[in-house]
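See structure below.
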Amino acid sequence: MSFLQCGEFRLPLDRPLIMGVVNVTPDSFSDGGMFADAAQAVAHARRLIGEGADIVDVGGESTRPGSAPVPLEDELRRVMPVLEALAGCGVPVSVDTRKPELMRVAVAAGASMVNDINALRAPGAMEAVAVSGAAVCLMHVQGDPKTMQDNPTYGDVVREVRDYLAGRVAAAEAAGIARGRIAVDPGFGFGKNLEHNLALLRSLREFKPLGVALMAGLSRKTMLGRITGRDPQERVHASVAAALLAVQNGAHIVRVHDVAATRDALAVWRAVTITP
Ligand code: 8Y7
């Protein structure tokens, strides 16, 4: 059986795992300041863990289409208090960042996974993860968040995304990150239109030969809005369906906002699929 090694945690990959999303972004409707934002994020993370999250992913930089970069100081100020409060929470804590400086301090504060939409391409990022015991998720993106949805273009989207991820896995291994610490993710919605996203979801199995853990994040994304006509908060049912399809097509880890709903759906999937 294979595992994903996240610092001290060894996550078995013989059953689907749930990564719960924890965003730490300033709440413009509250004047409670940074402490209130962090406390809210910690409470949310604890709730997701109670609902069955196997990993929590803490991020302080929005990478939604059209969003601008966040300065390092702001990202540190948002994320670090949350990571410190979650140390020892019982599940691996992932830090969602592209910045090597944050990766280093996050791991020192107890984070055991780095989720990088940039697949460790920033100078120093590969090294920051290599010297730690942390796991890493290498995600594909075409372009950068500010402009990636302007006109995404591929010849063969599945092949191009897979070849890119194969190259990043090879680079990570060459830098000293063992395969057992690596996950890959096609990056749904990151420089992809609806047809690209659907092609990737349909062909997710083709990422299995990369020989590392496979992650998929479809939760509440625009593609589900395009399909259902619903706003982000009303995309729970569509998100659960998408997570189930991703698992059915070979995903080991699904990154979701709605942990309780996803957990129940995956329990049904497991009961039907994994026979004694
Ligand atoms: C993904 C992600 C986001 C994803 C991985 C959102 C940080 C946008 N999406 N990381 N991050 N995979 N690995 O809608 O699909 O959550 S941010």
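The values are calculated or read from the model by the stated rules, or taken from the named source; none is laboratory data. Quantities reported herein were computed from a predicted structural model and do not represent experimental measurements. Using ideal geometry, Cβ is built from the backbone for each residue, glycine included, and neighbour counts are taken over all protein chains shown.
In this structure, Lys208 qualifies as surrounded by fewer than 18 Cβ atoms within 10 Å (Cβ to Cβ) and modelled with pLDDT of 95 or more. Of all residues in the range 144-156, at least one satisfies being within 14 Å of the ligand (Cβ to nearest atom) and closer than 29 Å to Pro92 by Cα.
Put simply, of Gly59, Gly66 the only residue that is on the phi > 0 side of the Ramachandran plot and within 15 Å of the ligand (Cβ to nearest atom) is Gly66. Looking at the range 162-181, can you tell me whether even one residue there is away from the ligand (no atom under 13 Å from the Cβ), more than 19 Å from the chain's Cα centre (by Cα) and among the hydroxyl-bearing types (Ser, Thr, Tyr)? Among the residues of the range 162-181, not one is away from the ligand (no atom under 13 Å from the Cβ), more than 19 Å from the chain's Cα centre (by Cα) and among the hydroxyl-bearing types (Ser, Thr, Tyr), which makes the answer no. Whether any residue in the range 78-86 is closer than 28 Å to Lys146 by Cβ, in contact with a Leu (Cβ under 9 Å, 6 or more places away or on another chain) and in contact (Cβ under 8 Å) with a residue 12 or more places away in the chain is what I want to check. Yes, the range 78-86 contains at least one residue that is closer than 28 Å to Lys146 by Cβ, in contact with a Leu (Cβ under 9 Å, 6 or more places away or on another chain) and in contact (Cβ under 8 Å) with a residue 12 or more places away in the chain. A single member of Leu194, Leu214 is closer than 21 Å to Met113 by Cα, out of contact with any Pro (no Cβ under 7 Å at 6 or more places or on another chain) and not acidic (Asp, Glu), and it is Leu214. Met1 fulfils the conditions (1) outside any helix (DSSP H, G or I); (2) in contact (Cβ under 8 Å) with a residue 40 or more places away in the chain except for a single criterion, (2). Could you say whether any residue in the range 25-41 is free of Cβ contacts under 8 Å to residues at least 60 places away in the same chain, under 20 Å from Ser219 (Cα atoms) and more than 16 Å from the ligand (Cβ to nearest atom)? Scanning the range 25-41, I find no residue that is free of Cβ contacts under 8 Å to residues at least 60 places away in the same chain, under 20 Å from Ser219 (Cα atoms) and more than 16 Å from the ligand (Cβ to nearest atom), so the answer is no.
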